[in-house]
1. Tally Lys/Arg at +1 and Asp/Glu at -1 over every other residue whose Cβ is under 15 Å from the Cβ of Asp32; what's the total?
2. When all C-alpha to C-alpha distances in segment 8-79 are sorted into bins of 10 Å, what percent of pairs does each bin hold, rounded to whole numbers?
3. Quick one: what are the phi-derived ³J(HN,Hα) couplings along segment 230-246, Karplus 6.51/-1.76/1.60 with θ = phi - 60°, whole Hz, x for glycine and proline?
4. Find the Rg to Rh ratio for the chain, where Rh is the Kirkwood radius over alpha-carbon pairs and Rg uses the same atoms.
5. What part of the accessible area of segment 195-298, given as a whole %, is carbon or sulfur when the probe is 1.4 angstrom?
6. Got a sec to turn the phi values of segment 139-145 into Karplus ³J(HN,Hα) couplings, 6.51 cos²θ - 1.76 cosθ + 1.60 with θ = phi - 60°, whole Hz, x for Gly and Pro?
7. Got a number for the accessible area of His160? Probe 1.4 Å, square angstrom, nearest 10.
8. Per residue, how much accessible surface does the chain expose to a 1.4 Å probe? Answer in Å², no decimals.
Amino acid sequence: MKIAIAGTGYVGLVAGVCFADKGYNVTCVDIDEKKVAMMKEGISPIFEEGLEELMKKNNAAGTLHFTTDYREAYRLADAIFIGVGTPELPDGSANLSYIAGVSRQIAETIEKDCLVVVKSTVPVGTNDKVEQFIKDFLVNDVKVEVASNPEFLAQGTAVHDTIHAARIIIGTESKEAEEMLLKIYEPFGIPIVSVKRRSAEMIKYACNDFLALKISYMNDIANLCELVGADITDVAEGMRYDERIGSRFLNAGIGFGGSCFPKDIEALINTGRQFGYESELLQSVIDVNARQKRILAENLKRVNCFNHPYQTTVCTHGNSPFGL
Ligand SMILES: NC(=O)c1ccc[n+]([C@@H]2O[C@H](COP(=O)([O-])OP(=O)(O)OC[C@H]3O[C@@H](n4cnc5c(N)ncnc54)[C@H](O)[C@@H]3O)[C@@H](O)[C@H]2O)c1
């Protein structure tokens, strides 16, 4: 089976390397010439444990290729996985211009029936649009279908998360597409949850936003702990043994950031608005997160003041009966 990967960021590169390691003939495409030149030499542009070893091994075995020439990569591919970025636009919605760019390239180059698989995180309904868009611009008389296959890896443990994923989500609208994805993932031996495309797209946001919600919740509880004299570390320890809650994402601190949580919450809020739904819960996850950064900055200032022997009075808190 010939697989092409569009985009060699964390998602595309790790997927491509792991597919090659399972014996597929994989060509990874990127528009970044420098990156492609490095990868051809077996050098990974990102540090992920085990990734470079797998790249070198599969480069040498002849199953893994890197190129900027998308025509050559997509022309005769059986499946093309899209892993390009979907960054946040100023209004909170996802920027789908990279997805559209790849879709156009696919439409103009494929010469045989092909399954296009969207791995990037995209708002619900995007797969439908991608399929229509590709069909509108198809140059050759071939059959194309789009499937959703959201990615759940975490940066830093990306290879492990791919090879030992808790589950693989596939979203398809036909038996043929479902069977092809089941076959592609068979060698991984991981449970597969097979649903419709829109459900698969939603699962990704529901998971990411739930983890962000957990973080905001713990920060809220931490602020209450400080007021009532409880220790948030002890409280979290007591919570993590409860399997209904789960042991991870219970650390209070500065709040969440990074490339995924903030944009994925904004994107889901935005999707809701497009359908006339205002998610008050998701909005408060963002509000608590923003407030947390302000609280920590204020606490830092206060600690600095208390450390200064002549400035303690400046830092008193009006709501304490002792003025401290
Ligand atoms: N990084 C993560 O931890 C993570 C985890 C799960 C899901 N995701 C999602 O996966 C998607 C990709 O994330 P990422 O972090 O791997 O992105 P990234 O921005 O690191 O990489 C995207 C790559 O795509 C390339 N690209 C852009 N246009 C292209 C084109 N037309 N053809 C070929 N390559 C092209 C870029 O040069 C870049 O190298 C996003 O939607 C993200 O939300 C990311």
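The values are calculated or read from the model by the stated rules, or taken from the named source; none is laboratory data. Remember, predicted model here, so these are calculated numbers, not experimental data. Every residue, glycine as well, gets a Cβ built from its backbone with ideal geometry; the counts of neighbours run over all protein chains shown. Only protein heavy atoms, including side chains, enter the accessible area calculation; ligands, DNA and RNA are left aside. Shrake-Rupley method; radii C 1.70, N 1.55, O 1.52, S 1.80 Å.
1. Numbers: positive: Lys34, Lys35, Lys40; negative: Asp30, Glu33, Glu41, Asp69.
Result for the neighbourhood of Asp32: -1.
2. 22, 60, 18, 0
3. 9, 9, 4, 5, 5, 4, 4, 4, x, 7, 5, 7, 7, 4, 5, 8, x
4. On the way: Rg = 23.4 Å, Rh = 21.9 Å.
Answer for the chain: 1.07.
5. Working: 3550 of 6020 Å².
Carbon plus sulfur share of accessible area: 59 percent.
6. 9, 9, 7, 10, 9, 10, 9
7. 110 Å²
8. Working: 16870 Å² over 324 residues.
I get 52 Å² per residue for the chain.
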